[in-house]
Amino acid sequence: VTVTENSDGSFTVTNEKLEPWQILKVSASDNKTPLKDAIFKLEKDGPNSATYYGKTGEDGIVVWYTDKDCTEANKLEEAIPIGNYQLSEIQAPSGYTVSSITWTVEVASGGVTITEQDGDKLDGKEIGGVQTFTIANEAVYSLPSSGGPGIFWYTISGALLLMAGTLILYNLKKGEVLKK
């Protein structure tokens with residue numbers, strides 16, 4: 001909202017349309033795998049401070065709430081107001097680590113800009129007419145690959161060799177009995 005004072009002492013109030021934006025949470029190992037149940041905290045800088053909490057759904061998209069528990073009753077129906085915010089992840093999805101990065105989010109009438117603490121800006125790609133920022137999470141750990149099919153074929157080969165050896169011994173013993 002912009003308020004302008006006119007020359008005759010009246011005021012003009014202009015509503016600014018905010019461009020839609022969203023955050024998509026994905027796995028760092030596969031950017032196509034959305035992650036659910038990540039929780040973010042969005043704190044507004046300045047005198048009119050406000051705090052919002054976001055939780056990712058099945059599609060990995062953050063939905064904003066006014067309470068820390070992210071309950072449907074406190075779902076934020078309108079857009080995040082214009083201003084500067086600090087964004088941090090407070091809970092990671094199961095099997096992933098919490099990101100230590102803090103982002104600066106600038107919500108303006110011309111769009112949203114998200115900047116990492118080191119100054120790198122996140123690229124907002126348009127998906128379905130919505131400016132979408134992708135944030136990735138690293139897995140807690142990954143087990144090393146042992147490679148190969150395991151011991152199955154070695155066990156089968158060993159059993160066949162044992163049976164062949166037994167058959168040879170049986171035939172040799174059978175031949176000795178007949179010679180006597």
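When the range 113-137 is filtered for residues that are surrounded by 12 or more Cβ atoms within 10 Å (Cβ to Cβ), outside any strand (DSSP E or B) and of a type in the set (D, E, K, R), nothing remains. Of the residues in the range 145-166, not one is open to solvent by 70 Å² or more (accessible area, probe 1.4 Å), at pLDDT 85 or above and not in a helix (DSSP H, G or I). Would you call Lys41 of a type outside the set (Val, Ile, Thr) and surrounded by 10 or more Cβ atoms within 10 Å (Cβ to Cβ)? Yes. As a summary of the residue check, Gln86 satisfies the conditions (1) part of a strand (DSSP E or B); (2) surrounded by 18 or more Cβ atoms within 10 Å (Cβ to Cβ) except for the one numbered (2). Entry remark, the range 57-83: residues being open to solvent by 20 Å² or more (accessible area, probe 1.4 Å) and within 21 Å of Gln117 (Cα to Cα) number 1 in total. Scanning the range 89-100 for residues that are of a type outside the set (Ser, Thr, Tyr) and open to solvent by 50 Å² or more (accessible area, probe 1.4 Å) gives Ile90, Gln91, Val98.
The values are calculated or read from the model by the stated rules, or taken from the named source; none is laboratory data. All figures in this text were calculated on a predicted structure; none of them were measured in a lab. All Cβ positions, glycine included, derive from the backbone under ideal geometry; neighbour counts span all protein chains shown. The accessibility values were calculated without ligands, DNA or RNA, using every heavy atom of the protein model including side chains. Shrake-Rupley method; radii C 1.70, N 1.55, O 1.52, S 1.80 Å.
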